[in-house]
Amino acid sequence: MSVELPLIGEVPVPDFLANLLGMEASAQGQGEQGQGGQGQSRPTAVVFQTAEPQAVGESFRFLGRVAPIERVEIRARISGYVEDVGFQGGESVSEGDLLFRIQSAQYDAQLASARASLASAEAARLETERQLTRNEELRDSGTVSQAGLDDATAAAEAARAQVDQAQAMVQQAELDLSYTTIEAPIDGKISAPLITRGNFVSPSSEVMANVVQVDPIWGVFSLGENRLLEWTQLGIGGVSSAPIEGAATAAQSTQSGSSEYRLSLQLPDGSTYQPAGEFSFVGNEVDPQTGTVELRVRFANPDGLLLPNQNVSLLVSEIDPPVLPVVPQAAVQLSRDGRAVWVVRDDDTVTRMPVEVTQAPEPGQVAITRGLDGGERVIVRGALQLEEGQTVDPRMAGGQGGTPGSGGSGSQGSGGSQDSGSGEQESGGDSADSGDNSTDDDSGESDAQ
């Protein structure tokens, strides 16, 4: 196949480009007219794709990590030798479970000594109170001087103070004795014991173990300050009550907006974690070094699948997104009049439909917000030189045949070789299509990239 150009002469044209522009069919028709005088030109072959309705909504993705809501380091509060370790490590523990036991003999002795001191102080207090009572009686008869009475009163008060001090020593001794038994302060998963039986520990010793809460658990993410403004406008992660007078309506709308989004967690293997999460809070200040604010999402974790410091992704998507027709971006042409697509009618004629578009979930696609209802056959290849009402030979993208119509009769023309050539156009004509997308036609239209 060749074409005659002024001042240049005859120039060969590749088969796939000839098929794309309909030159082969035109040339064939001219040849048939020259031979029989009654030949007809073959309709232009185009490739279409059905505008399938899909759920299209706002979605966000953030990288982050898993963090425990509560984390406790187990340390000794007294000095002594570890007598028993009540866990192996890695298992779940409940609040109050025995973790460590420290030898308690010396603390039993200290408690007994403190109780004896308290008993002695009680006895001394009783004696001084009796002395005070006698001196008060003798003072009335003039036998005891006022100075003697004052001394007896002071001695009684001092004895009472000694009792209070002895009681405090007993309480301290009881506390020290209770510290010989170390119990789990929270429900969670415990690490391996970092101090084993027979080792000496004290308040200044290293951590003996740590317990982290795993159910529920946090997902911690960094939110850019520009995205934070967008989230505020969408009403994601708002406060539960209005902090100032007159803001109650705004707070209610924020809560209703937040409930319209699903917070899903994507695990390192690509699977989606269930159930979905709930907003815990958005930080109250932006990090001046990174320009981000901390976002925390609360997830139920009954099976312990999520572990602290695990790398995860947060997917924020609308619960009930709108359903719109989706077409390839290459099918949309941009001109002075706006965006439009070519649609194949049921009778295989084409019409140009003005459309409005928005972003689609998949790259390389756009969602039609106005102009299409869904189910239309949208031309994705071969739309460069089409005219309104022109009959075409539609071919479904992917090598499948189109819906038969009046224009489909052209496939019965000159045999299977041309059909095969059209198939090559669909599979190998990407370079030509990309050229169409960047070239303005007579009406000033070009494909929107």
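No value in this document is a laboratory result; all are computed from the given coordinates. A quick note: this is a predicted structure, and the numbers were derived from the prediction, not measured. Virtual Cβ from ideal backbone geometry, glycine too; neighbours counted across all protein chains shown.
Can you tell me the alpha carbon radius of gyration of segment 124-239 divided by the globular rule-of-thumb value 2.2 N^0.38 Å?
With N residues counted in segment 124-239, Rg over 2.2 N^0.38 Å equals 2.36.
So how strong a dipole does segment 71-212 carry about its Cα centre when Lys and Arg Cβ are +1 and Asp and Glu Cβ are -1, to the nearest 20 debye?
Around 340 debye, computed over segment 71-212.
Can you sort Arg227, Arg339, Arg395 by how many other beta carbons sit within 10 Å, fewest first?
So the ranking, lowest neighbour count to highest, is Arg227, Arg339, Arg395.
What are the residues whose amide H is under 5 Å from the amide H of Arg395, where those residues sit 5 or more places off or on another chain and H is modelled from the backbone?
Those qualifying (amide H under 5 Å, at least 5 residues apart or on another chain) are Val46, Val47, Phe48.
Counting Lys and Arg as +1 and Asp and Glu as -1, what is the net charge of the other residues whose Cβ lies under 13 Å from the Cβ of Gln213?
That works out to -1.
Towards the positive end of the charge dipole of segment 44-188, with charges on Cβ (+1 Lys, Arg; -1 Asp, Glu), say which of Thr143, Gln171, Ala154 has the farthest Cα.
Of the options given, the answer is Gln171.
Once Rh for segment 48-124 is found with the Kirkwood sum over Cα pairs, what is the Stokes-Einstein diffusion coefficient at 25 °C and 0.890 mPa s, in µm²/s?
Estimated diffusion coefficient is 125 µm²/s.
For segment 61-75 and segment 138-165, write down the distance between their C-alpha centroids in whole Å.
With segment 61-75 and segment 138-165 each reduced to a Cα centre, they are spaced 62 Å.
Using a 10 Å cut-off around each Cβ, can you sort Ile78, Ile217 from fewest to most neighbouring Cβ atoms?
Listed from fewest to most nearby Cβ atoms, that is Ile78, Ile217.
Skipping prolines and chain starts, which residues have an amide H placed within reach, meaning under 5 Å, of the one on Arg345, given they are 5 or more residues away or on another chain?
Residues meeting the criterion, in which the H sits 1.01 Å from N, are Val350, Thr351.
Hand me the trypsin sites (Lys or Arg not before Pro) from segment 112-210 located in a DSSP loop with no more than 15 other Cβ atoms within 10 Å, in residue order please.
Listed in order of number, the matching sites are Arg197.
By how many nm would the segment from Glu122 to Leu334 lengthen if fully extended, with 0.36 nm per residue of separation less the alpha-carbon distance?
66.4 nm
Order by neighbour count: Val170, Val47, fewest other Cβ atoms within 10 Å first, most last.
Result, fewest neighbours first: Val170, Val47.
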